[in-house]
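Take a look at the structure below.
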Amino acid sequence: MVYDVIIIGSGPAGLAAAIYAKRAELSLIVIEKAGLSGGQIINTYEVDNYPGTPGISGFELSTKFREHADKLETTFINGEVTDFHLDDAIKVITMDDGTQYRGKSVVISTGGAPRHLNVEGEEKFSGMGVSYCATCDGAFFKNKNVVVVGGGDVAVEDAIFLARICKQVYVVHRRDQFRASKSITSRLLSMENVTILWDSVVEKITGEEKVEFINVKNIKTNESASYDVAGVFIAVGYLPNSETYKKVVATDNAGYIIAGENCETNIPGIFAAGDVRTKELRQIITAASDGANAITAVEKYLNQL
């Protein structure tokens, strides 16, 4: 069988694409590597910025997305894509068990993942004080002490955002100056409730059931100090899950698949949606929007065949 569209990935972008594709009466399959739909939001303790669902858990929200797709009788395939031929009229996807699927178009919605510090306590307290998205979770830490780790634009912007609502913001950066632009750096340095911990790295994150303290070491003096905080926001980079597709579709220097709001890549019939594509804001709502945009573009592409 040749499907109208093959969707790779079942996070918010992939599930939204599936829903829109089914409603458009396109034939499709969704390939999910983990065997569980939802992507990163599965591990999010609480989501408070997706419209209409205040306070919902990430697992519950992802379940609702999947239930919607199931109600439309979407076919899900569990497994990992190991090979592909995407530059012909009929795209061929090969799975880890050798099974092949053919489609007229492909939506790559494989998402990505924040770069981790790999320090003690980081994994344990993920979703319980450790966060990789200040705009997602910052509101939960109003009037509390928090730490931002990083020195690029995202880290500095996160610190500015948090300083407006938190009691005290510590910024841990392993260098003696920020990599971020001077304009936002100046704004951050002018904020009275922000303390910069230069030349420093995080040693460990501790607490009982949630984050309570963070240990920071100055790499020049080798001195360590403990800070009483409720939240740790890590902004040291993001890794798109695009490695498998780099040899075919164009990516930027960071590995994101180059695609605009219509989600079209440089290869006809190949679309990129969600966190894996080049974009300014990576949120659940923008990923779902990408899924809708991708299928709209798929329909236009199929009508030209």
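A few notes on this one:
- Boolean, Ala163 is out of contact with any Phe, Trp or Tyr (no Cβ under 6 Å at 6 or more places or on another chain), farther than 15 Å from Ala235 by Cβ and aliphatic (A, V, I, L, M): no
- From the list Val147, Val172, the lone residue that is crowded, with 22+ Cβ neighbours inside 10 Å, farther than 25 Å from Tyr256 by Cβ, without any contact (Cβ under 8 Å) to a residue 60 or more places away in the chain and more than 18 Å from the chain's Cα centre (by Cα) is Val172.
- Only one entry in Ala250, Ala288, Ala297 is over 14 Å from the mean Cα position of the chain (by Cα), in the same structural domain as Glu46 (by TED's automatic domain parsing), under 25 Å from Ser27 (Cα atoms) and modelled with pLDDT of 95 or more, namely Ala297.
- Looking across Ala180, Ala139, one residue alone is of a type in the set (Gly, Ala, Ser) and either modelled with pLDDT of 95 or more or crowded, with 18+ Cβ neighbours inside 10 Å (or both). It is Ala180.
- For the range 65-73, the count of residues that are in a loop (DSSP other than H, G, I, E, B) and without any contact (Cβ under 8 Å) to a residue 40 or more places away in the chain is zero.
- Scanning the range 119-131 for residues that are part of a strand (DSSP E or B) and crowded, with 21+ Cβ neighbours inside 10 Å yields Val130, Ser131.
- The range 189-217, residues that are among the hydroxyl-bearing types (Ser, Thr, Tyr) and over 28 Å from the mean Cα position of the chain (by Cα): Ser190
- Residue in the range 41-56 that is of a type outside the set (S, T, N, Q), closer than 18 Å to Ala294 by Cβ and in contact (Cβ under 8 Å) with a residue 40 or more places away in the chain present: no
- Candidate set from the range 218-244 (those that are of a type in the set (S, T, N, Q) and outside any loop (DSSP other than H, G, I, E, B)); member that is nearest to the chain's Cα centre (by Cα): Thr244
- For Ile93: the one exception among (1) among the aliphatic types (A, V, I, L, M); (2) in contact (Cβ under 8 Å) with a residue 60 or more places away in the chain; (3) closer than 19 Å to Thr296 by Cα: (3)
- The test for being out of contact with any Leu (no Cβ under 8 Å at 6 or more places or on another chain) and under 15 Å from Ala235 (Cα atoms) holds for Asp158.
- Only residues that are buried (at least 20 other Cβ atoms within 10 Å of the Cβ), within 17 Å of the chain's Cα centre (by Cα) and among the β-branched types (Val, Ile, Thr) were counted across the range 258-285, and they come to 2.
- Any chance Asn253 is assigned to a loop (DSSP other than H, G, I, E, B), farther than 22 Å from Asn118 by Cα and without any contact (Cβ under 8 Å) to a residue 12 or more places away in the chain: yes
- The number of residues in the range 5-32 being over 22 Å from the mean Cα position of the chain (by Cα) and either of a type in the set (A, V, I, L, M) or not assigned by TED's automatic domain parsing to the domain that holds Thr82 (or both) comes to 6.
- Unique match (being aliphatic (A, V, I, L, M), in a loop (DSSP other than H, G, I, E, B), modelled with pLDDT of 90 or more and in contact with a helix residue (DSSP H, G or I) (Cβ under 9 Å, 6 or more places away or on another chain)) among Leu36, Leu26: Leu26
- When the range 80-118 is filtered for residues that are crowded, with 21+ Cβ neighbours inside 10 Å, out of contact with any Lys or Arg (no Cβ under 6 Å at 6 or more places or on another chain) and of a type in the set (Gly, Ala, Ser), the ones remaining, listed by number, are Ser105, Ser109, Gly111, Gly112.
The values are calculated or read from the model by the stated rules, or taken from the named source; none is laboratory data. This is a predicted model, so every value here is computed, not measured. Positions of Cβ are generated from backbone atoms using ideal geometry, with glycine treated the same way; all protein chains shown enter the neighbour counts.
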